[in-house]
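Quick notes on the structure that follows.
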Amino acid sequence: MKEERIGLYAGSFDPVTNGHVDIARRAAGLFDHVVIAVARNPGKSPMFSVEERLAFLNEVFSNCEDVSITSFSGLLVNLARDVGAKAIIKGLRAVSDFEFEFQMALMNRRLNPDIETVFLMTDADKAFLSSSLVKEVAQLGGDISGLVPESVERALRKKTGSA
Ligand code: PNS
């Protein structure tokens, strides 16, 4: 039987944006299965709890059988090994993303040479999007419609008091 090709797409997703959704959908077109993993990163002070971030992702991808959602702590390459992923998926927006992503890809390769990093490009109309910018705009009362899934938009409005 042919081995299932699994891709791993990890991030903070605080919160998931339509840019993330675009990358995950592109990855789902390339892999048999995509695991989206929310990093439990105690170093950052997130706006949304890991459980809230998982709930957003579960809702967005509820109709996608080929996508599963999880959370993790520790090294990403260890999660890749544990879920049987051959590739780590990273989204690239602009050249500015590349330098750090390149460093991480080579470090991950050093940690586990069996796992490749695959870079996917977002749609041009999402190239300016980031979770932190969306949060800032929401906090300052700006319009975030179309930038994040609707459930995230509602939660952001509630959290920032701009409902
Ligand atoms: O959405 P983010 O915050 O840019 O995601 C970064 C993330 C979670 C993918 C990255 O920090 C990561 O891989 N963390 C897991 C810990 C790890 O493996 N660190 C070594 C990376 S070379």
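In this structure, S68 does satisfy being open to solvent by 40 Å² or more (accessible area, probe 1.4 Å) and touching a residue at least 24 places away in the same chain (Cβ under 8 Å).
Criterion first (farther than 22 Å from K135 by Cα, within 16 Å of the ligand (Cβ to nearest atom) and either modelled with pLDDT of 95 or more or open to solvent by 20 Å² or more (accessible area, probe 1.4 Å) (or both)) does G7 satisfy it? Against the criterion (farther than 22 Å from K135 by Cα, within 16 Å of the ligand (Cβ to nearest atom) and either modelled with pLDDT of 95 or more or open to solvent by 20 Å² or more (accessible area, probe 1.4 Å) (or both)), G7 qualifies. For the stretch 52-65, which positions are open to solvent by less than 60 Å² (accessible area, probe 1.4 Å) and either of a type outside the set (F, W, Y) or free of Cβ contacts under 8 Å to residues at least 12 places away in the same chain (or both)? Scanning the stretch 52-65 gives R53, L54, A55, L57, V60, C64.
Taken over the stretch 90-124, residues that are in contact (Cβ under 8 Å) with a residue 24 or more places away in the chain and of a type in the set (S, T, N, Q) amount to 4. The selection criterion, being over 24 Å from L147 (Cα atoms) and open to solvent by 30 Å² or more (accessible area, probe 1.4 Å), does not hold for L76. Of the residues making up the stretch 22-51, just one is surrounded by fewer than 23 Cβ atoms within 10 Å (Cβ to Cβ), within 15 Å of the ligand (Cβ to nearest atom) and closer than 12 Å to L120 by Cα, namely D22. Scanning the stretch 90-106 for residues that are of a type in the set (A, V, I, L, M, F, W, C) and near the ligand (Cβ under 10 Å from one of its atoms) yields F100, M104, A105, L106.
All conditions in (1) touching a Gly at 6+ places or on another chain (Cβ under 9 Å); (2) within 14 Å of the ligand (Cβ to nearest atom) hold for K126, with the sole exception of (2). If you go through the stretch 88-132 and pick out every residue that is under 16 Å from G19 (Cβ atoms), of a type outside the set (S, T, N, Q) and assigned to a loop (DSSP other than H, G, I, E, B), you end up with 6.
The values are calculated or read from the model by the stated rules, or taken from the named source; none is laboratory data. Since this is a predicted model, take the numbers as computed values, not measurements. Note that each Cβ is placed from the backbone with ideal geometry, even for glycine, and that neighbours are counted across all protein chains shown. Ligands, DNA and RNA are excluded from the accessible area calculation, which covers all protein heavy atoms including side chains. Shrake-Rupley method; radii C 1.70, N 1.55, O 1.52, S 1.80 Å.
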